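Remarks on the structure that follows.
The values are calculated or read from the model by the stated rules, or taken from the named source; none is laboratory data. In this text the structure is predicted, and so the values were computed from the model without any measurement. Glycine also receives a Cβ, built like all others from the backbone with ideal geometry; neighbour counts cover every protein chain displayed. Remember, those area values only see protein heavy atoms, side chains included, never the ligands or the DNA or RNA. Shrake-Rupley method; radii C 1.70, N 1.55, O 1.52, S 1.80 Å.
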Amino acid sequence: MFSFNMFDHPIPRVFQNRFSTQYRCFSVSMLAGPNDRSDVEKGGKIIMPPSALDQLSRLNITYPMLFKLTNKNSDRMTHCGVLEFVADEGICYLPHWMMQNLLLEEGGLVQVESVNLQVATYSKFQPQSPDFLDITNPKAVLENALRNFACLTTGDVIAINYNEKIYELRVMETKPDKAVSIIECDMNVDFDAPLGYKEPERHTQPEESTDVEADHSGYVSDLGFRAFSGSGNRLDGKKKGVEPSPSPIKPGDIRRGIPNYDFRIGRITFIRNSRPLVKKVEEDDSGSRFIAFSGEGQSLRKKGRKP
């Protein structure tokens, strides 16, 4: 039997089904060119050199292309997509928020590996500032911003731009895995309370005791105006025999209405106050009393007496 090795050195990674290499990373602001590439800062995709596209085209990888970025010095990792292959050789350009998550500085080394991620079904975010509550429809704003992202990783702090203001959100939870793909997916989004948010305090008013008797002292000051207490004038100019003299109201005479304990729903009861009849005092002088048909008649012709 003969045994021999066809290759004297290990198989290079180009022939494997997994892409893995190291690049020096820089922020997008360091990208040379006349065009403004601020759109890279608004998403979760990176710019790689053309040689990476050549290697990826020879591998049997699944699309869309997703990558795992690892900083071996700090043991931090995240996931991203690729936007273009126009960077210089040996260099890749990352969004600023992604470099902060990886604790990378300008020119630091980052490990780039191709991965396959499951499609997201659920994600939960925590705004890093209470200012995020000022947005009228935060779910719609987040949905529009996530169109520039390819995947999400639990623990990352992503940055979205809305109305010329940058809002940071921490990815608290993702399902079905800690790293998921959000390309062409139906994902449920939930929000946690913003960092530093405090519930407004509700001041409870003390309940007033109903057993205390009503104080009528406040009604005394309202005796300045009394309805129908003025004097009237006759059309013929004659004066009335008796001038109105309203009797003063005492505070004890004023009392609140009595509730109707027999009230039933759908039944209206009209309560009328009955006034007591005034008893007439009989006078002792009977002459002053009026008696009907008590007068004497007179005759025009006097009848004489017969002798």
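In the set (1) at pLDDT 90 or above; (2) in a loop (DSSP other than H, G, I, E, B), the condition left unmet by Arg24 is number (2).
Does at least one position in the range 98-117 carry a residue that is of a type in the set (A, V, I, L, M), without any contact (Cβ under 8 Å) to a residue 40 or more places away in the chain and surrounded by fewer than 19 Cβ atoms within 10 Å (Cβ to Cβ)? Yes: one or more hits.
Here Asp134 qualifies as within 24 Å of Val189 (Cβ to Cβ) and exposed (fewer than 15 other Cβ atoms within 10 Å of the Cβ).
Within the range 182-203, the set of residues being open to solvent by 90 Å² or more (accessible area, probe 1.4 Å) and more than 23 Å from Ser129 (Cβ to Cβ) comprises Glu184, Asp186, Asn188, Arg202, His203. Only one of the listed residues (Asn71, Asn144) is within 38 Å of the chain's Cα centre (by Cα) and either closer than 21 Å to Val28 by Cβ or not small (Gly, Ala, Ser) (or both). That residue is Asn144.
So which residues in the range 111-126 are part of a strand (DSSP E or B), out of contact with any Lys or Arg (no Cβ under 8 Å at 6 or more places or on another chain) and either within 19 Å of Pro95 (Cβ to Cβ) or hydrophobic (A, V, I, L, M, F, W, C) (or both)?
Of everything in the range 111-126, just one residue is part of a strand (DSSP E or B), out of contact with any Lys or Arg (no Cβ under 8 Å at 6 or more places or on another chain) and either within 19 Å of Pro95 (Cβ to Cβ) or hydrophobic (A, V, I, L, M, F, W, C) (or both), namely Val119.
Within the range 34-43, the set of residues being open to solvent by less than 10 Å² (accessible area, probe 1.4 Å) and part of a helix (DSSP H, G or I) comprises just one member, Val40. Here is a check on your reading of the model: is Phe125 open to solvent by 10 Å² or more (accessible area, probe 1.4 Å) and in contact with a helix residue (DSSP H, G or I) (Cβ under 8 Å, 6 or more places away or on another chain)? Considered against the rule, which asks whether it is open to solvent by 10 Å² or more (accessible area, probe 1.4 Å) and in contact with a helix residue (DSSP H, G or I) (Cβ under 8 Å, 6 or more places away or on another chain), Phe125 comes out as no.
Restricting Ile61, Ile46 to those that are surrounded by 15 or more Cβ atoms within 10 Å (Cβ to Cβ) and either within 37 Å of the chain's Cα centre (by Cα) or assigned to a strand (DSSP E or B) (or both) reduces the list to Ile46.
Do we find that Glu106 is acidic (Asp, Glu) and under 16 Å from Leu56 (Cβ atoms) in this structure?
Details: acidic (Asp, Glu): yes; under 16 Å from Leu56 (Cβ atoms): no.
Here the answer is no, as Glu106 does not meet what is asked.
Inside the range 169-194, residues that are in a strand (DSSP E or B) and of a type outside the set (Ser, Thr, Tyr) make up a count of 12.
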